[in-house]
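*Asks:* Please see the structure below; I have some questions.
Bear in mind these aren't lab numbers, they're just calculated from the coordinates by the rules spelled out. Just so you know, these numbers come straight off a predicted model, no measurement behind them. In this analysis, Cβ positions are derived from the backbone assuming ideal geometry, glycine residues included, and neighbour counts consider all displayed protein chains.
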Amino acid sequence: MKKRTLLATALLLQFAFAAQAQQEPVNLDAVHRIKQEGLQNSQVMQTAFYLTDVSGPRLSGSPGLMRASEWAKKQLIDWGLQNARLEEWGEFGRGWEVEKSYIAMAAPYYQQLIATPKAWTPGTDGAVNAEAVLVHLEKEEDLEQYRGKLKGKVILTKIDEKAETSFEADAKRYTEEELHELAMSLEASRSQSRWTPERIAAYRARMALLSKANEFFQQEGAAVLLSSRGGTHGTHFTSNGSPYAPDAKPTLPELEMGLEDYNRIVRLLEAKQPVKLEVETKTRFFSDDLKGYNVVAEIPGTDKKLKDEVVMLGGHLDSWHGSTGATDNAAGVAVMMEAVRILQAAGFKPKRTIRIALWGGEEQGLHGSRGYVKQHFGDPATMKLTKEHEKFSAYYNLDNGTGKIRGIYLQGNDAVRPVMEAWLAPFHDLGATTTTIRNTGGTDHLAFDAVGLPGFQFIQDEIEYDTRTHHTNQDSYDRLQADDLRQAATIVASMVYHTAMRDKKLPRKPLPKPREAS
């Protein structure tokens, strides 16, 4: 009975939203012009090429991120945007990059291995030729048996993950059934996370144990650490092995590798087969400028009453360093840059100002967007708001890989559903059909939502984001889907245009409570 009631309610809501959506004006002539420019004259892949292949890895604070930031600013200026700048969002910390990385197994036979130095770890100070040692670590007391035995050695710890064979394709798109389930959801938040409180506690305990172990390895004079966080078929994940704070304690050189290479060494060592490794890494720290920056530019508004109001779009420009950060998140940045290029090329004169922001420091905690929101709109800790808060209409974000847009998350803002339904209707033929009340997390729209501003992330086809490219050594230009990015940029351009031209700002949710009080 309860399921029938929920279904009936969902159907009634859908009919109500459909009726309201018909009242929301859609400029079909503008949509046609946007489609023509976005689908026939796209430059999105050229933009993605400069962000990835030309700029290289874009770790926060690195020269690669600065190269991409300067290039993006210049490109936006060349397209005719105004007030283009690198805007400081606050202090970040040290920059870092890899200058050289080599690892191979020298015995019992030679085999080149694939690995990436962990971010913010030092280099090896020359070539290391050393024996590998497998440390069995379940509790801190286990370390005592290795005292005096690790000097100059390459250290591995036993992990439980195995390289599984997949009998299904890595890439996938949303099915109609999955999209329907999203659309019919009546809950703003539905957590299906595998991270239960028990699992979180176990993870934190393991990280604390590894931290103590790494201090022990350093005290014992170990040469290099090897680790793995999974990944198969040549893929491995990358992360940081040391804090980026200027006063961070020194650590050992550490490299991450995929399961195939890592577990081969482990199996040999468990079978009492001596393993010797050749390792040489060279990394560099940058501390001349500890600040973080966002790239910001505008298409100025033209309406006397509305030009001071702002519509924003963006994505994070920083990446991890194992590859060139194509799907995370050069794809989103290229789409957002292409969206403003489309609007410029089509000659639109928006009523409201359209502002693009390319965020820094997202991978370390949404630093760029949170710093920007705090400076311009308000502090979520106290909910003390600025004058700009009232002048803001909406923020649109893209950061879930290279997949096409299939709809939009309303982030619990049901009042905006009829508007989004109407604006998506001209793109049903391109696969964008779904609005869902659900929240989605993990990226920069949350900074706006935290101070009660309409901030939205689009629903995207996953393609191979979680299985192959997200934070891995495979996240390169070759993984980008050109047709998907053209579709996404075209839809974003239309959504931003209609937001900028709407008589009223988009509806808002009630203001959240100050975080200090919660």
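*Asks:* Could you name the aspartates and glutamates in cross-link range of Lys249, using Cα to Cα under 12 Å and dropping any fewer than eight places away on the same chain?
*Replies:* Answer for Lys249, where 12 Å is the Cα cut-off: Glu215, listed by chain and number.
*Asks:* Run the numbers for Leu86 and Lys249: contour at 0.36 nm per residue of separation, minus the present Cα-Cα distance, in nm.
*Replies:* Gain on stretching Leu86 to Lys249: 55.7 nm.
*Asks:* Also, I was wondering about something else. Among bridges DSSP assigns within the range 311-470, what percent are antiparallel (round to 5)?
*Replies:* Once the DSSP bridges in the range 311-470 are tallied, antiparallel ones form about 25 percent.
*Asks:* Still on this model: In the range 132-164, what trypsin sites (Lys or Arg not before Pro) fall in a loop by DSSP, with at most 16 other Cβ atoms inside 10 Å?
*Replies:* Lys139, Arg147, Lys149, Lys151, Lys158, Lys162
*Asks:* Quick one: if you stick a label point 7 Å off each Cα along the C-beta vector at Glu215 and Ala127, how many nm between them?
*Replies:* 3.6 nm
*Asks:* Count the lysine pairs in the range 99-181 whose Cα atoms lie under 30 Å apart, taking only pairs 8 or more positions apart in sequence or on different chains.
*Replies:* Here the count comes out as 23.
*Asks:* Among residues other than Gln481 whose Cβ falls under 12 Å from its Cβ, what is the net charge (Lys/Arg +1, Asp/Glu -1)?
*Replies:* Here the count lands on -2.
*Asks:* Something else about it: Once fully extended, how much extra length lies between Thr175 and Asp478, figured as 0.36 nm per residue of separation less the alpha-carbon to alpha-carbon distance?
*Replies:* That pair, Thr175 and Asp478, stretches by 106.6 nm at full extension.
*Asks:* A further question on this structure: Using Cα pairs under 8 angstrom and six or more residues apart, how large is the relative contact order of the range 378-434, in percent?
*Replies:* 27 percent
*Asks:* Applying 1/(1 + (r/R0)^6) with R0 = 45 Å to the Cβ-Cβ distance of Asp303 and Glu198, what FRET efficiency is obtained, to the nearest 0.05?
*Replies:* 0.25
*Asks:* On alpha carbon coordinates alone, what is the Rg over Rh value for the range 221-293, Rh being the Kirkwood radius?
*Replies:* On the Cα set of the range 221-293, Rg over Rh gives 1.06.
*Asks:* Let me ask another. Put +1 on the Cβ of each Lys and Arg and -1 on the Cβ of each Asp and Glu in the chain; which of Gln40, Ala357, Phe92 then has its Cα farthest toward the positive end of the dipole?
*Replies:* It is Ala357, whose Cα lies furthest towards the positive end.
*Asks:* Any chance you could give the angle, 0 to 90 degrees and rounded to 10, that helix 259-270 forms with the longest Cα principal axis of the chain?
*Replies:* The helix 259-270 is inclined about 20 degrees to the chain.
*Asks:* Would you mind telling me the antiparallel percentage of the DSSP bridges in the chain, rounded to 5?
*Replies:* 60 percent
*Asks:* For Lys212, list the aspartates and glutamates whose Cα falls under 13 Å from its own Cα; do not include residues on the same chain fewer than 8 positions away.
*Replies:* Correct list for Lys212: Glu138, Glu140, Glu141, Asp142, Glu144, Glu220.
*Asks:* What do you get for the angle between helix 2-21 and the principal long axis of the chain? Use alpha-carbon atoms, 0 to 90 degrees, nearest ten.
*Replies:* 60 degrees
*Asks:* For the range 49-138, which GluC sites (Glu not before Pro) are both in a DSSP coil and crowded by at most 11 other Cβ atoms within 10 Å?
*Replies:* Answer in residue order: Glu138.
*Asks:* Now for a different question. What does the charge dipole of the chain about its Cα centre add up to, to the nearest 20 debye, if the Cβ of each Lys and Arg holds +1 and the Cβ of each Asp and Glu holds -1?
*Replies:* 1220 debye
*Asks:* Can you list the lysines whose alpha carbon is less than 20 Å from that of Lys307, not counting same-chain residues fewer than 8 positions off?
*Replies:* Qualifying lysines at Cα under 20 Å: Lys349, Lys351, Lys387, Lys391, Lys504, Lys505.
*Asks:* Moving on. Report the charge-dipole magnitude of the range 99-241 in Debye, nearest 20, computed about the Cα centre from +1 at each Lys and Arg Cβ and -1 at each Asp and Glu Cβ.
*Replies:* Dipole size: approximately 500 debye.
*Asks:* Suppose the chain between Lys151 and Leu385 were pulled fully straight at 0.36 nm per residue; how much longer would it get relative to their current alpha carbon spacing?
*Replies:* 78.6 nm
*Asks:* I need the GluC sites (Glu not before Pro) found in the range 462-518, filtered to DSSP loop residues with at most 14 other beta carbons within 10 Å of theirs.
*Replies:* The qualifying sites are Glu516.
*Asks:* Under the definition of Cα pairs under 8 Å and six or more residues apart, what whole-number percent is the relative contact order of the chain?
*Replies:* 24 percent
*Asks:* Can I ask one more? When you count, for each residue, the other Cβ atoms within 10 Å and take the mean per peptide, how do 52-62, 412-422 rank with the highest first?
*Replies:* Result, highest mean Cβ count within 10 Å first: 52-62, 412-422.
*Asks:* Please tell me the relative contact order of the range 345-390 in percent, rounded to the nearest whole number, where contacts are Cα pairs under 8 Å and at least six residues apart.
*Replies:* Over the range 345-390, the number comes to 18 percent.
*Asks:* Relative to the longest principal Cα axis of the chain, at what angle does helix 28-40 sit, 0 to 90 degrees, rounded to 10?
*Replies:* 30 degrees
*Asks:* Continuing with the same structure: Assuming a ≥ b ≥ c are the square roots of the Cα gyration tensor eigenvalues, decide whether the range 44-102 counts as rounded (a/c under 1.5), prolate (otherwise, with a/b larger than b/c) or oblate.
*Replies:* Note, shape of the range 44-102 comes out oblate.
*Asks:* If you take Rg and Dmax of the Cα atoms in Å from the coordinates, which of (1) 24.8, 78; (2) 23.5, 78; (3) 23.1, 72 do you get?
*Replies:* Computed from the coordinates, Rg and Dmax of the Cα atoms in Å corresponds to (1).
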